[in-house]
Amino acid sequence: MTGKVVKAKMKKTVVVEVVTSHRDALYGKYVRSRSRYKAHDETNQYKVGDQVEIQEHSPISKDKRFIVTKLVKKFIEE
């Protein structure tokens with residue numbers, strides 16, 4: 001899954017928000033839904049705003065079930 005880092009204040013953990021859209025069966029409108037996942041970041045290299053790819057993993061802690069596999073796009077401030 002690909003998502004955006006929304007929090008990076010914990011040690012070795014980032015919170016990634018994944019936004020998916022699907023078509024409503026009755027009305028035909030596209031509906032967006034978001035899910036937030038805690039993902040393991042061993043080197044603390046990902047910052048808020050970065051686009052990352054996460055992958056499911058065996059449980060690392062109570063809430064962490066994903067690991068960050070790669071950086072898709074770096075966030076650049078202007």
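The values are calculated or read from the model by the stated rules, or taken from the named source; none is laboratory data. Since we're looking at a predicted model, the values are computed, not measured. Positions of Cβ are backbone-derived with ideal geometry, glycine not excepted, and every protein chain shown enters the neighbour counts. To get the accessible areas, we keep the full protein, side chains included, count just its heavy atoms, and leave off ligands, DNA and RNA. Shrake-Rupley method; radii C 1.70, N 1.55, O 1.52, S 1.80 Å.
Computed quantities for the displayed model
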{"quantity": "Hits in the stretch 1-18 - residues which are under 16 Å from Phe75 (Cβ atoms) and exposed (fewer than 13 other Cβ atoms within 10 Å of the Cβ)", "calculated": "Lys9"}
{"quantity": "Gly28 being open to solvent by less than 60 Å² (accessible area, probe 1.4 Å), within 23 Å of Ile76 (Cβ to Cβ) and out of contact with any strand residue (DSSP E or B) (no Cβ under 6 Å at 6 or more places or on another chain)", "calculated": "no"}
{"quantity": "Of all residues making up the stretch 41-78, the number that are open to solvent by less than 40 Å² (accessible area, probe 1.4 Å), out of contact with any Asp or Glu (no Cβ under 7 Å at 6 or more places or on another chain) and not hydroxyl-bearing (Ser, Thr, Tyr)", "calculated": "6"}
